[in-house]
There are 2 protein chains.
Amino acid sequence: MDKEWLMIPGPTPIPPQVQMAASQPMISHRGKAFSCLYEEIQTHLREIFGTNEEILIFPAAGTGAMEASIVNLFSEGDHVLCLDTGEFGRRYKDIGEAFGLQVETLSFPLGRPVDPKVVEDRLAKDDKKSIRGILLTHNETSAGVTNDLKAVSGAVGEHPAFLIVDAVSSLGALPVKMDEWGLDVVISGSQKALMSPPGLALAALSARAWAQTEKAGLPRYYWDFRRAKAYAEKKQTPYTPAVSLLFGLNAALKSLTEQGMEKIYDQQAVIGKAFRAGIRALGLELVARPGSESDTVTAIFSPAGLCADQWRKEVENKWHVVTAKGQGQLAGKIIRVGHMGFIDPLDILSVLGALEMSLGITDKDKHESNAIKAAQKVLAEGGLRKTCE
Amino acid sequence: MDKEWLMIPGPTPIPPQVQMAASQPMISHRGKAFSCLYEEIQTHLREIFGTNEEILIFPAAGTGAMEASIVNLFSEGDHVLCLDTGEFGRRYKDIGEAFGLQVETLSFPLGRPVDPKVVEDRLAKDDKKSIRGILLTHNETSAGVTNDLKAVSGAVGEHPAFLIVDAVSSLGALPVKMDEWGLDVVISGSQKALMSPPGLALAALSARAWAQTEKAGLPRYYWDFRRAKAYAEKKQTPYTPAVSLLFGLNAALKSLTEQGMEKIYDQQAVIGKAFRAGIRALGLELVARPGSESDTVTAIFSPAGLCADQWRKEVENKWHVVTAKGQGQLAGKIIRVGHMGFIDPLDILSVLGALEMSLGITDKDKHESNAIKAAQKVLAEGGLRKTCE
């Protein structure tokens with residue numbers, strides 16, 4: 001039986017403990033056992049979102065939570081700014097336009113993050129405060145770029161626009177401090193850093209955003225945050241929740257918070273750094289410019305003369321390492337490797353080994369891997385040095 | 001360890017084989033293994049829906065598919081008829097109104113099904129053919145009433161209104177012959193008769209309804225059937241699908257279709273009839289009038305002088321049989337017992353025994369259960385009679 005290494009930017013591998021939790025017998029979603037489950041999940045999620053507010057949970061893909069954040073906050077014709085650093089930023093624009101918003105896009109060059117100064121300058125020109133919302137992707141999966149949430153929030157400053165953050169591929173792996181950083185809406189999903197099966201969309205709102213849900217004019221029913229909140233007070237959901245996925249999510253969240261989120265974030269940073277060190281040792285170029293590289297997803301240009309999709313297939317067919325394609329303008333030019341959730345530092349060494357062998361650039365005389373050596377160097381920096389007494 | 005008997009109208013108990021299937025290692029939703037899974041599910045679902053059309057699958061509760069059927073077929077101000085036989089019929093009305101439709105409600109008396117003659121008469125008066133859609137709940141879970149889809153479709157006849165059917169608590173247990181009966185949209189969910197975990201919403205459209213999706217004016221993105229169909233051609237979904245739930249659903253569907261849907265429908269009819277025979281033997285009254293009783297959910301008035309919620313709690317606390325409350329005007333007056341999906345005839349005997357004991361009406365001298373006897377009589381009608389040769 002082939003072992004598969006699932007290294008896409010989500011869904012990510014599911015820990016056996018999470019699978020087992022998800023296999024518990026079905027329960028009624030209107031009974032006490034469900035309310036207890038709901039409350040435990042809330043406690044964990046509040047810590048991970050960095051908020052005291054309720055976290056709403058919908059049976060949906062992450063895109064559902066993106067749509068929910070639009071239809072609950074805005075009215076037709078509202079002017080919003082979309083901060084575009086890649087495909088997922090542009091998806092927010094498409095959703096806004098589908099619902100009749102006037103979406104102004106600030107695009108940043110490929111591989112670069114949102115420049116807070118550009119946001120600040122644009123808002124400074126908005127004398128009439130007509131801009132009602134700012135749509136920001138925390139971690140742009142398509143380019144492997146992480147935006148600086150705190151800095152962008154700082155750039156928004158006192159401007160009244162609602163800052164709406166897609167944290168689908170970051171929450172649980174990269175720090176998100178919603179209340180401290182003044183984020184108005186944060187949305188995410190179960191299937192990435194939260195190492196749970198796909199099918200749960202998450203959303204949290206600031207007090208100010210909650211007030212806005214009463215004023216927003218867009219039509220909504222399934223996504224109506226107000227109805228979801230009314231049921232949340234009973235520790236229930238308005239419609240049948242995805243009970244088995246919630247069982248799984250709770251087990252995953254418990255494992256994360258018990259380990260300690262700061263430790264999780266530190267390990268994620270090491271994993272990202274080690275993987276990039278290995279990739280650079282192979283002489284490969286990243287899409288992300290230095291300083292903005294994502295620690296959860298790395299987007300890598302294929303070597304000159306090699307079609308990225310061919311490379312990806314070789315890695316998958318020969319080594320059973322599953323990576324993701326490039327999207328949009330990057331199609332055929334890059335492969336993307338997800339390394340979040342139930343992925344540990346040793347997985348990184350294996351994957352680097354596969355990428356290296358697939359390119360035929362292992363040092364054949366010495367049988368020595370430059371990529372693995374470079375990654376090990378990063379990983380070993382935190383190694384034990386104490387001698388026995 | 002207490003054994004729990006989950007007898008609510010969904011989510012229903014999950015067969016161990018389905019749980020095991022749902023626990024398979026995560027796979028990429030853009031790879032070949034996913035496309036194979038998707039295609040197998042399509043084959044099974046087409047048989048169960050009775051259609052040659054594509055079945056769209058969204059990570060969502062059934063209510064999501066209800067909303068999807070509205071936003072993909074209609075435009076603001078469209079006049080639709082809601083055929084109201086209970087709470088779920090009224091939910092369709094609420095969704096329609098949330099999106100600015102002009103919803104005209106035809107309400108039928110409690111416990112009675114939609115009268116096709118009333119529909120026919122109303123449509124006959126619609127000279128200008130201004131009615132654009134008809135919203136119908138196949139199996140009204142709140143009252144334990146089943147509507148006659150074929151007869152209602154016959155009553156619509158040549159009128160151009162789109163007939164939209166909520167088959168959430170019927171599909172897979174009661175016959176649905178979408179193409180043969182001329183249904184335009186049929187929506188359902190994974191968590192009831194399909195004996196899979198909740199979190200998947202299903203929708204199928206007639207060719208005429210597909211054409212209408214291009215004309216409908218309501219804003220949509222996540223629910224956009226057109227985008228879902230474009231991905232369906234690649235045997236994929238536009239956004240991350242709930243992979244583990246699909247693994248589970250496929251196992252459940254395979255088991256249903258292998259057993260044969262006609263056999264499943266026959267067994268469901270026997271289960272419903274046997275359960276009702278037992279309930280009537282207890283001298284209890286059903287909400288559903290004779291001839292319209294649902295074979296998947298039975299709504300039972302509590303005996304005079306006994307609060308239904310107290311009764312429900314007693315049955316749950318003492319016998320670990322979990323039933324559902326009455327909703328709306330029936331709150332406190334009824335209990336609802338779901339008996340579909342992974343429920344077999346013997347489960348019915350146990351549950352009748354618990355209901356009977358909870359009421360203290362077992363014949364104490366003879367230690368004989370009238371309810372169980374009555375149900376056994378129905379079940380035994382199909383019993384073996386052959387002697388050994």
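The values are calculated or read from the model by the stated rules, or taken from the named source; none is laboratory data. Treat the numbers as computed from the prediction; the structure is a model and nothing was measured. Reconstructed Cβ throughout: ideal geometry from the backbone, glycine too, with neighbour counts over all protein chains shown.
Being of a type in the set (Val, Ile, Thr) and within 14 Å of chain A (Cβ to nearest Cβ) is a property that B:Thr296 lacks. A:Glu97 meets the conditions (1) in contact with a helix residue (DSSP H, G or I) (Cβ under 9 Å, 6 or more places away or on another chain); (2) assigned to a helix (DSSP H, G or I) in every case but one. The failed one is (1). For the range B:26-59, the set of residues classified as touching a Phe, Trp or Tyr at 6+ places or on another chain (Cβ under 7 Å) and of a type in the set (Gly, Ala, Ser) consists of B:Ser28 only. Pairing each residue of the range B:1-26 that is farther than 21 Å from B:Leu346 by Cβ with any residue that is assigned to a helix (DSSP H, G or I) and among the small types (Gly, Ala, Ser), provided the two are 6+ apart or on different chains, yields C-beta distances under 6 Å for B:Ala21/B:Gly248; B:Ala21/B:Ala251; B:Ala22/B:Ser244; B:Ala22/B:Gly248.
Test of understanding: among B:Ser206, B:Ser169, which residue is in the same structural domain as B:Asp121 (by TED's automatic domain parsing) and surrounded by fewer than 24 Cβ atoms within 10 Å (Cβ to Cβ)? Matching residue, one of B:Ser206, B:Ser169: B:Ser206.
Tell me which of these A:Ile48 doesn't satisfy, since it passes every other one: (1) of a type in the set (A, V, I, L, M); (2) more than 19 Å from A:His138 (Cα to Cα); (3) assigned to a helix (DSSP H, G or I); (4) more than 8 Å from every other protein chain (Cβ to nearest Cβ). It is condition (2) that A:Ile48 fails. Screening B:Val168 on (1) touching a Leu at 6+ places or on another chain (Cβ under 8 Å); (2) of a type in the set (Val, Ile, Thr); (3) within 14 Å of chain A (Cβ to nearest Cβ) shows it passes everything except condition (1). Comparison of B:Ile57, B:Ile70, B:Ile27, B:Ile41 shows that the only residue that is assigned by TED's automatic domain parsing to the domain that holds B:Arg226, closer than 20 Å to A:Pro13 by Cα and hydrophobic (A, V, I, L, M, F, W, C) is B:Ile27. Against the numbered list (1) surrounded by 19 or more Cβ atoms within 10 Å (Cβ to Cβ); (2) closer than 29 Å to A:Leu245 by Cα, A:Ile131 comes up short only at (2). Among the residues of the range A:98-120, is any closer than 16 Å to A:Thr85 by Cβ, touching a Cys at 6+ places or on another chain (Cβ under 6 Å), modelled with pLDDT of 95 or more and aliphatic (A, V, I, L, M)? Checked the range A:98-120: at least one residue is closer than 16 Å to A:Thr85 by Cβ, touching a Cys at 6+ places or on another chain (Cβ under 6 Å), modelled with pLDDT of 95 or more and aliphatic (A, V, I, L, M). Scanning the range A:262-276 for residues that are surrounded by 21 or more Cβ atoms within 10 Å (Cβ to Cβ) and either among the hydrophobic types (A, V, I, L, M, F, W, C) or in contact (Cβ under 8 Å) with a residue 24 or more places away in the chain (or both) yields a total of 5. The single condition among (1) in contact with a strand residue (DSSP E or B) (Cβ under 7 Å, 6 or more places away or on another chain); (2) modelled with pLDDT under 95 that A:Ile334 does not satisfy is (2).
For the criterion of being at negative phi and within 18 Å of the chain's Cα centre (by Cα), A:Ala299 passes. Scanning the range A:73-82 finds one or more residues that are within 25 Å of B:Leu218 (Cβ to Cβ), modelled with pLDDT of 95 or more and among the charged types (D, E, K, R). If you filter the range A:57-80 down to residues that are buried (at least 22 other Cβ atoms within 10 Å of the Cβ) and in a strand (DSSP E or B), you find that the one that is nearest to the other protein chains (Cβ to nearest Cβ) is A:Pro59. Within the range A:344-361, the set of residues being β-branched (Val, Ile, Thr) and either without any contact (Cβ under 8 Å) to a residue 24 or more places away in the chain or closer than 23 Å to A:Gln268 by Cβ (or both) comprises A:Ile348, A:Val351.
When the range A:303-315 is filtered for residues that are surrounded by 14 or more Cβ atoms within 10 Å (Cβ to Cβ), out of contact with any strand residue (DSSP E or B) (no Cβ under 7 Å at 6 or more places or on another chain) and under 18 Å from A:Ala143 (Cα atoms), only A:Pro303 remains. Within the range A:1-45, can you find the residues that are crowded, with 17+ Cβ neighbours inside 10 Å, within 9 Å of another protein chain (Cβ to nearest Cβ) and within 30 Å of A:Leu352 (Cα to Cα)? Across the range A:1-45, the qualifying residues are A:Glu4, A:Leu6, A:Ile8, A:Gly10, A:Pro11, A:Thr12, A:Pro13, A:Ile14, A:Gln19.
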